[in-house]
Structure formats: structure tokens, C-alpha cells
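The values are calculated or read from the model by the stated rules, or taken from the named source; none is laboratory data. Values in this document were obtained by computation on a predicted structure and should not be read as measured data. No Cβ is skipped: glycine too gets one built from the backbone with ideal geometry, and neighbour counts run over all protein chains shown. For the accessible areas, the whole protein counts, side chains as well, though only heavy atoms, and no ligand, DNA or RNA atoms are used. Shrake-Rupley method; radii C 1.70, N 1.55, O 1.52, S 1.80 Å.
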Amino acid sequence: MALRYLRGAEGRAEGRSFLRFVTYVAIGGVALGVAALLLSLSIVRGFSQEITEKIIGFGAHVQVQSYFRDRPLTEAGALQDTLLSTEGVTRAAPMVEGIVLLRQSAKSIDGVRLLGTDAPPSYLREHVKRGTFELEQGTHEHPPLVVGAALANRLGLDLGQVVTAFSLRNEGQNGGGVQLRRPRVKQFVVAGLYETSLSNIDDHFVFTDLGTARRLVGMPKGGVSRFDVTVRDFSTVDSVAAQIERRAGFPATARTIHQIQPYSSLFAWVDLQQSIIPLVIGVIVLVAAFNIVGTLLMLILEKTREIGVLQSLGTSGRTLKRLFLSFGVLIGGVGTLIGSALALTLGYIQLRFELIPLPAEAYYMTTAPIELNPMDYLIVGTLTLILCGVAAYIPARVAAQVEPVRAIRFQ
């Protein structure tokens with residue numbers, strides 16, 4: 001009987017099909033609410049995954065540097081061996097970092113962060129827009145330099161162009177602080193352009209090999225600014241960082257990617273989306289589920305005489321309650337199936353064709369990311385059915401308490 005009502009319940013007088021229309025509206029409300037919630041969860045998961053991959057891919061899991069920020073880490077070889085022997089560590093890449101002025105012409109000059117490394121981040125290798133990320137000096141007389149696409153556009157740089165870098169900060173030869181000396185000058189050839197859509201990275205970071213960077217910033221031989229450490233399991237990053245700090249000893253200090261600016265603010269932004277957006281969108285499902293109350297009460301009102309007839313034939317109040325509970329759950333079930341199918345279809349279309357563009361300067365990516373998770377569909381579907389069952393309970397109790405004689409005489 002619940003299935004018959006679902007397929008085409010009709011009223012008693014004029015506008016007999018209005019009750020059917022209301023039922024379809026209730027199903028549509030649940031379907032739209034489920035689809036909106038599933039899509040929001042998929043997008044939030046996609047944002048979280050994309051941002052996390054970019055941040056970790058660029059900044060590594062743990063950064064080990066000197067407690068005194070203006071001093072390099074000495075005896076880098078021995079420290080690297082210590083890091084690599086730490087349980088859970090898979091990679092420890094030495095990095096030399098310095099602030100330099102990059103000049104292409106008299107009018108194209110800007111301050112950038114120069115990073116020297118022998119092992120460029122694999123994430124950046126995968127996001128080379130043009131050229132290559134090979135940092136070894138080949139046949140060209142100048143060492144290679146890899147710059148962000150946004151910085152290249154701002155300075156008018158292109159592949160094969162020669163640029164000049166000026167280092168105004170020079171590390172003391174004894175590692176005992178920063179001294180202002182005569183600027184060190186080095187020419188580079190632009191070997192590659194990378195693009196991550198993270199503006200604070202693409203606009204400010206350039207890469208070259210470790211030895212060239214060390215000489216340009218005046219760092220002593222064997223010294224590095226930091227080590228970028230990758231761990232085997234990111235969920236253990238805090239414990240690994242604590243273990244590294246104990247083994248490396250003072251003045252080395254280890255900070256996880258969550259503790260480093262500006263990455264920590266980006267993680268906070270992602271966490272805010274994950275906690276707030278699904279909750280706000282979930283209200284749609286809640287409202288749609290409780291719309292079933294009005295639909296069932298209208299159905300009971302229209303079918304009061306039929307309810308009286310069923311009771312006179314021996315139908316118990318418990319059976320009537322089950323009837324309307326089943327009808328409410330059927331509305332929720334059909335709406336959930338339609339909404340899930342709609343969300344899955346739209347999500348796949350976005351994955352395949354990237355129809356929804358985003359401004360990279362605001363969202364750090366050029367298209368809305370989607371991550372389809374089967375657990376989201378299972379959890380949302382289950383909770384929706386429970387909500388629909390709870391919403392149908394009050395109307396079901398009303399139907400079970402209808403008096404047979406009054407119901408039969410009901411006009």
C-alpha cells in the first residue's frame with residue numbers, strides 16, 4: 001500500500017492529483033538536499049586533498065633548521081645521515097635559502113626567495129609548465145634557474161633568457177650571523193617555468209642547484225639552511241618530528257608543515273571548510289526530511305475514511321503506523337537514490353570536463369576539485385533514511401490513533 005501511495009496517491013475531490021504532486025515535491029526536496037550535501041562533501045574533500053598535496057609537495061612534511069634563524073646548519077652530511085636513519089623518514093633533502101634580487105632589465109627587477117637543492121620536490125617536477133626542472137648545469141655557461149610562471153610573467157622572463165641575481169645578505173664565514181657586504185652577483189639562464197596556482201609560491205620562489213645557491217648567498221661549505229624531510233606515513237609526522245629533534249640535538253629544531261607559515265594558515269582554511277560547509281549544507285537535508293511531516297499529514301487527512309475502513313476490517317494501529325512509516329522511508333529512499341545519482345553524475349562531469357572554473361588567486365587552483373568517496377554516499381544515505389523515518393513517526397502515530405467510526409463518517 002505504501003508503494004501504491006508512492007506511485008500515485010490521489011485526493012478525494014477536485015485537484016485529485018495535487019496529493020501526488022506534493023509527494024513528488026517531497027521526493028525532489030530530499031533528492032536536492034542529498035545531492036547538494038554530497039557535492040559539497042566531494043568539493044571540500046577535493047579542496048583538502050589538492051591544497052594538502054600542493055603544500056606538502058612544496059614544503060615537505062618536516063623542516064629541520066637551526067634554532068637561530070640567521071645561522072645555517074653546519075656539518076650537513078652528518079646531520080643528513082642522522083635524519084635518514086630516523087625511523088619513518090624516507091627522504092632528507094638539503095636546502096639553501098636566501099633572499100635575492102632578480103633582474104631581467106633596468107625596469108624588471110624583484111625580490112625573490114632563492115632555493116638551492118640537489119633534489120627538487122617531485123610535486124614541482126610534475127607541474128613544470130614549460131622547459132625542465134633539471135638543475136644540473138649542462139653545456140650552457142650559466143647555471144639553470146627554474147622560476148614560477150607568475151613571476152616570469154611579471155618580469156617578462158622566458159626560457160633561455162639570462163637573468164642576474166644579487167645577494168645582499170651574506171652569511172658570516174664562521175656561521176655566526178648575517179653581515180652586510182658587497183653584493184654577490186650571479187647570472188642564470190631560465191631553464192623551466194612551474195605553476196602550482198599557489199600565488200605565494202609561484203610569485204616568490206626560484207630554484208637552482210645547491211652549490212650555486214650556497215656560493216651566491218655566501219654560505220660556508222658544508223652548511224645548509226634546512227633539510228626538507230619526507231616521512232613514510234604523514235599521520236605520524238608529529239611523532240617523527242619529535243624523534244628527529246631528540247636525535248639531531250641543539251641547535252637543530254624540527255617543525256611539521258602544520259607549524260610553518262604560510263602553510264599553517266592554509267591548513268586552517270581547509271579545516272574551516274571541512275567543519276562548516278558540510279554542516280551548513282546538511283541543513284538542506286534536514287529541512288527536506290521534515291517536509292515529509294507535512295506530506296504525510298496531508299495524506300492522512302485525505303485518506304481518513306480509508307483508514308477507518310481498514311480499522312473496521314481489523315487492521316491494528318501498529319500496522320497503520322508501519323504503513324505510514326514505510327511511506328516516509330520510501331520517500332526518503334527514492335529521494336536519496338535520485339540525489340546520489342545526480343551528485344555522482346555532476347561530480348563525474350566536473351572531473352571529466354572541469355566545467356566550473358575558479359580564480360587561482362583566491363582558491364589556489366583553476367577549477368573546482370572533486371573527490372568522490374563511497375563512504376560519503378553510504379553515510380549520507382543512511383542518515384537521510386534515519387531522518388526521514390524520524391520525521392514520519394509523528395504522522396504515523398496520528399494515523400494509528402484515528403477512531404474508526406469518526407474516520408468512516410469523515411467528510
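Things worth noting here:
- Sequence-distant residues sharing a close amide H with GLY148 (under 5 Å, placed H): TYR194, PHE205
- Cα extents of region 54-126 along the three principal axes, largest first (Å): 50, 31, 18
- Residues of the chain: accessible area per residue with a 1.4 Å probe, Å²: 50 Å²
- Taking one quarter of the surface of the convex hull spanned by the alpha-carbon atoms of the chain gives a direction-averaged projected area of 27.1 nm².
- Extension reserve of the ARG322-VAL390 stretch, reckoned as 0.36 nm per residue once the Cα distance is removed: 23.2 nm
- Among the protein heavy atoms, those of THR345 account for about 80 Å² of accessible surface (1.4 Å probe, every chain in place).
- Residues with amide H under 5 Å from that of ARG91, placed H, sequence gap 5 or more: THR230
- Residue-wise HN-Hα couplings along region 64-75, as the Karplus relation 6.51 cos²θ - 1.76 cosθ + 1.60 with θ = phi - 60° gives them from phi, are 10, 9, 6, 4, 8, 4, 8, 10, x, 8, 8, 6 Hz; Gly and Pro carry x.
- Three semi-axes of the equivalent ellipsoid, region 104-245, Cα gyration tensor, whole Å, largest first: 26, 22, 14
- 23 Å Cα-Cα reach of LYS129 towards lysines, excluding residues that sit fewer than 8 places from it in its own chain: LYS54
- Residues of type aspartates and glutamates that LYS186 reaches as a straight line, Cα spacing below 14 Å, ignoring anything fewer than 8 places off in the same chain: GLU141, ASP209
- Taking all Cα pairs closer than 8 Å and separated by 6 or more residues, the relative contact order of region 1-100 comes to 10 percent.
- Computed helical MRE - 222 nm, the chain, DSSP H runs ≥ 4 contributing -39500 (n - 2.57), nearest 500: -17000 deg cm²/dmol
- Amide proton proximity set for ILE356, modelled H, under 5 Å, gap of 5+: ALA368
- Carbon plus sulfur fraction of accessible area for region 226-383, probe 1.4 Å, in percent: 65 percent
- Region 319-396 - Debye-derived log10 I(q)/I(0), Cα point model, q = 0.17 Å⁻¹: -0.73
- Degrees, to the nearest 10: 374-400 long Cα axis against longest axis of the chain: 20 degrees
- DSSP-loop GluC sites (Glu not before Pro) across region 35-122, with at most 14 other Cβ within 10 angstrom: GLU75, GLU87
- In the chain, Cα pairs under 8 Å separated by at least six residues give a relative contact order of 27 percent.
- Longest exposed-site-free window of the chain, the sites being trypsin sites (Lys or Arg not before Pro) in a DSSP loop that have at most 16 other C-beta atoms within 10 Å: 233-408
- Whichever lysines have a C-alpha closer than 17 Å to that of LYS303, once near sequence neighbours (fewer than 8 apart) are set aside: LYS321
- Of all accessible heavy-atom area on region 1-144, the percent that carbon and sulfur account for (1.4 Å): 50 percent
- Karplus-derived HN-Hα couplings along region 56-63 (A = 6.51, B = -1.76, C = 1.60, θ = phi - 60°), whole Hz, x at Gly and Pro: 5, x, 8, x, 6, 7, 9, 10
- Relative contact order %, region 194-342, counting alpha carbon pairs below 8 Å whose residues are six or more apart: 9 percent
- Projected onto their three principal axes, the Cα atoms of region 221-342 cover extents of 97, 25, 23 Å, largest first.
- Highest to lowest packing among 131-137, 23-29, scored as the average C-beta count within 10 Å: 23-29, 131-137
- Share antiparallel - DSSP beta bridges, the chain, percent rounded to 5: 85 percent
- Count Lys and Arg as plus one, Asp and Glu as minus one, and take only other residues whose Cβ is under 14 Å from that of THR366; the net charge is then -3.
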